[in-house]
Amino acid sequence: MRTIIDGRAIAEKVYTELRGEIADLKSRGLTPGLAVVLVGDNPASRAYVRAKDKMCRELGLHSVKLELPATTKQEELLARVDKLNHDPAVHGVLVQSPPPPHIDEVAIIRALDPRKDVDGFHPLNVAKLAMGDNSGFVPCTPLGCLRLLRETNVSLSGANIVVLGRSMIVGKPMALLLMQKGVDATVTVVHSRTRNIGEVCRRADVIIAAIGQPHFVKADQVREGAVVIDVGINRVDDAGSERGYRLVGDVDFDSVVKKAGAITPVPGGVGPMTIAMLMANTVKACRMLNIL
Ligand code: GUN
């Protein structure tokens, strides 16, 4: 029996849990607040920022959406971040990545109050993840992938897991999370310089694809029965579609679905979970800032 992992349904389960927690916080006079900052007008980033704002509203969270022009100067952005760091109604602050090229993203991330860094990108939170200290924040996409695997009852202890991609947003934190005590996977990180990628992938019990290349993972790289998590969200031209493009993952779904034991679709797999985990991190930030 092949399983198509339903990210929307699992995200709904997360929201049911969060609604209870949010109601509890509200009964204490606290409303979790999230600020999302977008610099420039990258269409994909705009869509993500809109989705995050919409979900905050649906859950009854305080939402601040800052849309700044592409010409925004580094100092201006730092000043905005500083203001949000000190805003008591805001518990989570996120600057949508990637910013325009003239912005020093690392400097912006360092300027975030790590207690409000719901993306888990600040060096203190990266260090906490590496150290297994769960008082920090873990990046939302890897956290969502782990939840999908747990909810699908995939056995992770001792499993061979191949992570494709080594980004700071997905690949690296994903590897750290999976090798943690309590998860206990054996992790291989594959990247553009890896030799014999197909061979490495065929040994995997679980493949997590996060390389940003449409249909990179083909059926011949997947062992029969392996679990495949597709993090990719790639826009490819599609004249037949109303928008002129469609979204495809890093996995060639149509061929891989015939071999995988379980697989996430795109859309409707990892995407909904990333937003759900952002909401969960915002609620966690609200609790921790108020020592609850
Ligand atoms: N761009 C793509 N994914 C993310 C994310 O999880 N957080 C931020 N801030 N930017 C992103």
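The values are calculated or read from the model by the stated rules, or taken from the named source; none is laboratory data. Note that the coordinates shown come from a computational prediction; the quantities given were computed from them, not determined experimentally. Note that we place each Cβ from the backbone using ideal geometry, even for glycine, and neighbour counts take in every protein chain shown. Quick note on the areas: whole protein, heavy atoms, side chains included, nothing else; ligands and nucleic acids left out. Shrake-Rupley method; radii C 1.70, N 1.55, O 1.52, S 1.80 Å.
Things worth noting here:
- Members of the range 27-61 found to be part of a helix (DSSP H, G or I), of a type in the set (Lys, Arg) and more than 11 Å from the ligand (Cβ to nearest atom), listed by number: ARG46, ARG50, LYS54, ARG57
- Neighbours by Cβ (under 7 Å, 6+ apart or cross-chain): first from the range 60-78, of a type in the set (S, T, N, Q); second part of a strand (DSSP E or B) and surrounded by 18 or more Cβ atoms within 10 Å (Cβ to Cβ): SER63/LEU34; THR72/VAL39
- Only a single criterion out of (1) touching a residue at least 12 places away in the same chain (Cβ under 8 Å); (2) farther than 20 Å from ARG8 by Cβ; (3) of a type outside the set (Asp, Glu) is not satisfied by ALA239, namely (1).
- Looking across the range 20-43, just one residue is open to solvent by 40 Å² or more (accessible area, probe 1.4 Å) and among the aliphatic types (A, V, I, L, M), and that is ALA23.
- Of all residues in the range 89-124 being within 13 Å of the ligand (Cβ to nearest atom), closer than 17 Å to VAL49 by Cα and β-branched (Val, Ile, Thr), the one that is most open to solvent (accessible area, probe 1.4 Å): VAL95
- Reported count of residues in the range 161-181, each being touching a strand residue (DSSP E or B) at 6+ places or on another chain (Cβ under 6 Å) and either open to solvent by 70 Å² or more (accessible area, probe 1.4 Å) or modelled with pLDDT under 95 (or both), is 2.
- Condition check for GLU151: surrounded by fewer than 22 Cβ atoms within 10 Å (Cβ to Cβ) and away from the ligand (no atom under 15 Å from the Cβ): yes
- Restricting ALA285, ALA276 to residues that are under 23 Å from LEU34 (Cβ atoms), touching a His at 6+ places or on another chain (Cβ under 6 Å) and modelled with pLDDT of 95 or more narrows the list to ALA285.
- Selection count, the range 1-17, where residues are part of a helix (DSSP H, G or I) and in contact with a helix residue (DSSP H, G or I) (Cβ under 6 Å, 6 or more places away or on another chain): 5
- Of all residues making up the range 1-17, the number that are closer than 28 Å to ASP113 by Cα and either without any contact (Cβ under 8 Å) to a residue 12 or more places away in the chain or surrounded by fewer than 21 Cβ atoms within 10 Å (Cβ to Cβ) (or both): 3
- Residue within the range 45-58 that is out of contact with any strand residue (DSSP E or B) (no Cβ under 6 Å at 6 or more places or on another chain) and closer than 19 Å to LYS284 by Cβ present: yes
- Among residues of the range 245-266, those that are in a loop (DSSP other than H, G, I, E, B) and touching a strand residue (DSSP E or B) at 6+ places or on another chain (Cβ under 7 Å), counted: 9
- Restricting the range 182-211 to residues that are of a type in the set (Gly, Ala, Ser) and open to solvent by 50 Å² or more (accessible area, probe 1.4 Å), the residue that is nearest to LEU278 (Cα to Cα) is GLY182.
- Within the range 128-148, the residues that satisfy the criterion of being aliphatic (A, V, I, L, M) and within 16 Å of the ligand (Cβ to nearest atom) are LEU129, VAL138, LEU143, LEU146, LEU148.
- For the range 229-236, the criterion of being buried (at least 24 other Cβ atoms within 10 Å of the Cβ), of a type outside the set (A, V, I, L, M, F, W, C), under 14 Å from the mean Cα position of the chain (by Cα) and more than 30 Å from HIS62 (Cα to Cα) is met by at least one residue.
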